[in-house]
Amino acid sequence: MKPIFVLDFAEIRQHSVDRPRKRDLSVRMLLNGLGSSEPHALDGFAVTTDAYSRLLATDHLAARLQQILAGLDVHNPSDLARRGREARAAVLDTALPDDLRGIILSGYQRLHHRRGGHPVLAVYADPAKELVRTSESDDHAETFFVHGPHSLLRAVHHCYASMFTDDAIAARAALGCAQLSVGLSIGIIPRTNWTRLLAA
């Protein structure tokens, strides 16, 4: 099945049968992290786990990350910190592929037309909740407030790098998950909606 890199929240169905379950579950968990299990309650879009997989397939990033993390001792803080830094650097040094950039920017343009302007956006991702909802805490969440398409792309890139914070790496190891087996969905919503969610 052809990968889908971006989904407008209005496109998402709770019981979708035409999309892979893993991607659908990841987006629903993302919406729950944003404080809404109902996609129609929010205006915005999600960058799906397919997009994360596309980045991992770029310039042998997945192989480079596996090499960096091979033999990791998560109980050794210095080893964990060094490898985490190297993994995040590898992600940020790998440019978002052109097809992925274009589709994310198309989602941004659709949101721009719906809102009638260029709103300040909240870009949200939570690597811990993608793994398992072990806590109601948002301590591992990454949120960026951005204005304009280039800032949006940078924020998405940094969300991907957040998959390799020390805490995220250690959480996957503690649950026996392979480091690259967990995907990431990223939510993009207008900051005004984000403020209302926080106040709710």
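If you check every pair at least six apart or on different chains, which have Cβ atoms under 7 Å apart with a residue in the range 161-178 that is more than 19 Å from Pro77 (Cβ to Cβ) and in contact (Cβ under 8 Å) with a residue 24 or more places away in the chain first and a residue that is crowded, with 17+ Cβ neighbours inside 10 Å and basic (Lys, Arg) second? Correct list of pairs: Ala161/Arg88.
Being within 15 Å of Ile186 (Cα to Cα) and modelled with pLDDT of 80 or more is the filter here, so list the residues in the range 112-144 that pass it. Result: Leu121, Ala122, Val123, Tyr124, Ala125, Thr143, Phe144.
The values are calculated or read from the model by the stated rules, or taken from the named source; none is laboratory data. Nothing here was measured: the structure is a model prediction, and the numbers come from that model. Note that each Cβ is placed from the backbone with ideal geometry, even for glycine, and that neighbours are counted across all protein chains shown.
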